[in-house]
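Participant: Sharing a structure, written as structure tokens. Questions coming.
Any read-out appearing in this document is the output of simple, stated calculations on the displayed coordinates, not a laboratory observation. Here the structure is a predicted model, which means the values were calculated and not measured. Here the Cβ positions follow ideal geometry from the backbone for every residue, glycine too, while neighbour counts run over all protein chains shown.
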Amino acid sequence: MNAAKPRPQKQKSLAKRLMNVIKPANSLNRSVGGDIVLLIVMLVFATFSAYPMVFIISNAFKPFNELFIFPPQLFVRNPTLDNFIDLINLMADSWIPLTRYVFNTLLITVVGTVGHVVLASMAAYPLAKHTFKGSEALSKIIVYSLMFNASVTAIPGYVIMTRLGLIDTYLAIILPAFAFSLGLYLMKNFMVQIPTVYIESAYIDGGNHFQIFWKIVMPLVKPAWLTLTILSFQALWGATGGQYIYDESLKPLSYALSQIAGGGIGRTGVVAAISLFMMTVPVIIFVLSQASIIQTMAHSGIKE
Amino acid sequence: MQLSHDKPSREQKRLARKIEFHKNKELYVLMFPYFSLFFVFTVLPVAVSLVLAFTYFNVLEMPTWAGWENYRKLFFEDDVFMVAIKNTVLFAVVTGPIGYFAAFLFAWFVNELKPKIRAVMTLIFYAPSISGGAYIIWRLLFSGDMYGYLNAFLINLGITTEPIQWLQNPTYIPIIIILVQLWMSLGVSFLAFVAGLQSVDRTLYEAAAVDGIKNRWQELWFITLPSMKPQLMFSAVIQITSSLAISEVAMQVAGFPSVENAGHTIVTHLIYHGSIAFELGYASAIATLLFFVMLGSNLLVQKMLRRVGT
């Protein structure tokens, strides 16, 4: 009986199959016309979003003559690694080797990020799961601190750094990064949803707050760690050290990038190569942790 | 277990008191490292800035009291500051709301897709804001010679014969800065929206369909937006703060200083007086002003958003 029946699923047209791929996950209250309009609008803007990135990727692999043909081409025809080799040679000739900039950026980024995740989590646990004298006020200050950014505190920040003797040290970038307020805010909101029963029962079993924090709370907020990691990583990865670091050998990689980029049109290929490197690392980290980040951001809202 | 939580017994009350007594010390210890750094690098600078704004301070000598002089100069003698305010307001008013709505709109579009494609589209829209200095590429796209990609395109089409100096022309500079800023505007707020949309209670949509909601727009207005109020408020904060602080993109794309100050903002004005002219008192007055503008506009918008759906 079954074999005699025609199987309509097998004769799906290409259009139908395509629709199936892009079909909305939620089909309530959705018209096909609306879906198509929406997809077209989305593709137009996705192209706008992706075009410059594709351009960087393509330019990074273009040989010298292809970078300067008229009219310029988006895609590379004869890909080569010349630009990367040039980049390494260029940096080898410079006073500070490229590896030194890479080391500086890695050190700042890794130490800053790990410290931020640990310290912000430590501070988030009391604020999220307990009420005590000052807890309300501290939570409020954190929300207010999201309402202005580092540009406001740059000048007095410099004065304070000078007083603390932190100018020309890695700590000038790392210490403020530890206390990045968006991270604490997101971590706190994520911790709020941990059932209080877990904490109370651990307390009754004789655990102190350090143990509860480390053994019970921290394993439950893994998605939030990853979110804090990527946000802090991005900020530190792009840090130029600007007004705090003057010693050339302590400057991070993105400073070197801006210096090379300032070198004019002849450096077009090299700039693309280093830009590609700078953007690849955060993008990869985001791809690997996207699901956790979305899970954390679901709790990002400001409650009344 | 659940029931006993509603009505604490005497035994539990006693335990609660005991917990209350013991917990605080350890909690303060846990918070100490973060908050001491937070106070030194965020709260203290705001306070120092408030005070320095009333002084003349050039780093080398001790600050001397100047009263309201810095503010008076700022508003009555500094023509460049007026340009900076004009540009900042223009950039903020355009990129703030558009960036905010775009972040929501694209999050909403992306949410319609199946999980795998959704992840890819999220990456495409989010990538510009995390790719470090990648926006430098826009300098090449708008480069003033015929290798600039826009120029090459226009010459090829025969629209112009001469390459246009995009980044040296005060008419085009603000438009280009706004464009690049919008390109990068789907950041943390976009992720908050994507996440918020996924956590809206599905049964609400089903109930709405039964109750006579006919299309996706009605569904958006009556169900989705009201359930996302906390994310709407969070993203507004992020968007307002960043759109008032536009500086890095302006300096990298249009140069610093830019032609006829067409890319000059309050923050670049602050950077000029703080890091180049070493007038720290004056720069602090600018910073203090910016602090109140940011805080004020945020609190105002929070008040407005709070009224959504009430």
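Participant: Name the residue from A:Val102, A:Thr131, A:Ile142 whose Cα lies farthest towards the positive end of the charge dipole of the range A:74-190, charges +1 on Cβ of Lys and Arg and -1 on Cβ of Asp and Glu.
Facilitator: A:Thr131
Participant: Right, something else. Students often get this wrong, so check it: of B:Lys114/B:Lys214; A:Lys188/B:Lys116; A:Lys222/B:Lys303; A:Lys133/A:Lys303; A:Lys133/A:Lys188, which have C-alpha atoms separated by over 27 Å? Mind showing how you got there, number by number?
Facilitator: Values: B:Lys114/B:Lys214 22 Å; A:Lys188/B:Lys116 29 Å; A:Lys222/B:Lys303 33 Å; A:Lys133/A:Lys303 21 Å; A:Lys133/A:Lys188 17 Å.
Going by Cα-Cα distance, A:Lys188/B:Lys116; A:Lys222/B:Lys303 fall outside the 27 Å limit.
Participant: State to the nearest 20 debye the size of the charge dipole of chain A about its Cα centre, where the only charges are +1 on K and R beta carbons and -1 on D and E beta carbons.
Facilitator: On the way: 21 positive and 12 negative charges, 306 e Å.
Charge dipole, chain A, about its Cα centre: 1480 debye, nearest 20.
Participant: Here is a follow-up. Would you mind ranking B:Ile85, A:Ile40, A:Ile167 by Cβ crowding within 10 Å, fewest neighbours first?
Facilitator: Working: B:Ile85 19, A:Ile40 10, A:Ile167 16.
With the fewest neighbours first, B:Ile85, A:Ile40, A:Ile167 line up as A:Ile40, A:Ile167, B:Ile85.
Participant: Let me know the mean shielding of B:118-130 by other chains, meaning the per-residue number of their Cβ atoms within 10 Å of its Cβ.
Facilitator: Per residue, the average neighbour count from other chains is 6.
Participant: I would also like to ask the following. If you put +1 on each Lys and Arg Cβ and -1 on each Asp and Glu Cβ, how big is the dipole of chain B around its Cα centre, in Debye rounded to 20?
Facilitator: Working: 22 positive and 19 negative charges, 350 e Å.
So the magnitude is around 1680 debye.
Participant: So, one more: Could you pull out every residue, at least 5 positions away or on a different chain, whose amide H is within less than 5 Å of the one on B:Lys114? Hs are placed 1.01 Å off N in the peptide plane, and Pro or chain starts have none.
Facilitator: A:Ala25
Participant: How large is the dipole of the protein assembly as shown about the Cα centre if only Lys and Arg carry +1 and Asp and Glu carry -1, each at its Cβ, rounded to the nearest 20 debye? Intermediate values should be presented prior to the final figure.
Facilitator: Working: 43 positive and 31 negative charges, 591 e Å.
Magnitude of the dipole: close to 2840 debye.
Participant: D for the range B:105-239, whole µm²/s, Stokes-Einstein with Kirkwood Rh over alpha-carbon pairs at 20 °C and 1.002 mPa s: what number?
Facilitator: So the translational diffusion coefficient is about 120 µm²/s.
Participant: While we're here: Checking the cross-link filter: which aspartates and glutamates have an alpha carbon closer than 19 Å to that of A:Lys129, excluding same-chain neighbours under 8 positions apart?
Facilitator: Reachable aspartates and glutamates: A:Glu200, A:Asp205, A:Glu304, B:Asp6, B:Glu20, B:Glu26.
Participant: Per residue and in cubic angstrom, what volume does the convex hull of the Cα atoms of the range B:80-305 have? Intermediate results must be reported in sequence, preceding the final value.
Facilitator: On the way: hull volume 34.0 nm³, N = 226.
With only Cα atoms used, the range B:80-305 gives 150 Å³ per residue.
Participant: Taking the number of other C-beta atoms within 10 Å as the exposure measure, put A:Val221, B:Val83 in order starting with the fewest. The partial results should precede the final answer.
Facilitator: Working: A:Val221 21, B:Val83 16.
In increasing order of surrounding Cβ atoms, one gets B:Val83, A:Val221.
Participant: Could you work out the percent of alpha carbon pairs in chain A separated by over 36 Å, rounded to a whole number? Can you show the working numbers first?
Facilitator: Values: 18703 of 46056 pairs.
The calculated P(r) of chain A puts 41 percent of pairs beyond 36 Å.
Participant: Taking Cα pairs under 8 Å and at least six residues apart, what relative contact order does chain A come out at, in percent?
Facilitator: Working: 279 pairs, mean separation 77.6, N = 304.
Dividing the mean separation by the residue count of chain A yields 26 percent.
Participant: Now, a different point. What per residue convex hull volume, in Å³, do the alpha-carbon atoms of the range B:46-122 yield?
Facilitator: Numbers: hull volume 12.9 nm³, N = 77.
Cα-based convex hull of the range B:46-122, divided per residue, equals 167 Å³.
Participant: Something else about it: Would you mind checking which residues have amide H under 5 Å from B:Thr55's amide H? H placed 1.01 Å from N; only 5 or more apart, or other chain.
Facilitator: B:Ala66
Participant: How would you rank A:Tyr185, B:Tyr172, B:Tyr34, going from fewest to most other Cβ atoms within 10 Å of each one's own Cβ? Can you show the working numbers first?
Facilitator: Numbers: A:Tyr185 22, B:Tyr172 18, B:Tyr34 26.
Sorted ascending by nearby Cβ count, the order is B:Tyr172, A:Tyr185, B:Tyr34.
Participant: Next question, about the same structure. For the protein assembly as shown, build the charge dipole from Cβ charges (+1 Lys, Arg; -1 Asp, Glu) around the Cα centre, then report which of B:Leu232, A:Ala239, A:Tyr170 sits farthest towards its positive end.
Facilitator: Of B:Leu232, A:Ala239, A:Tyr170, it is B:Leu232.
Participant: Okay, moving on. Each residue of the range B:267-284 in turn: what ³J(HN,Hα) in whole Hz from Karplus with 6.51, -1.76, 1.60 and θ = phi - 60°, glycine and Pro shown as x?
Facilitator: Each residue's phi maps through the Karplus curve to give 5, 5, 4, 4, 5, 4, 6, x, 9, 10, 8, 6, 9, 5, x, 5, 4, 5 Hz.
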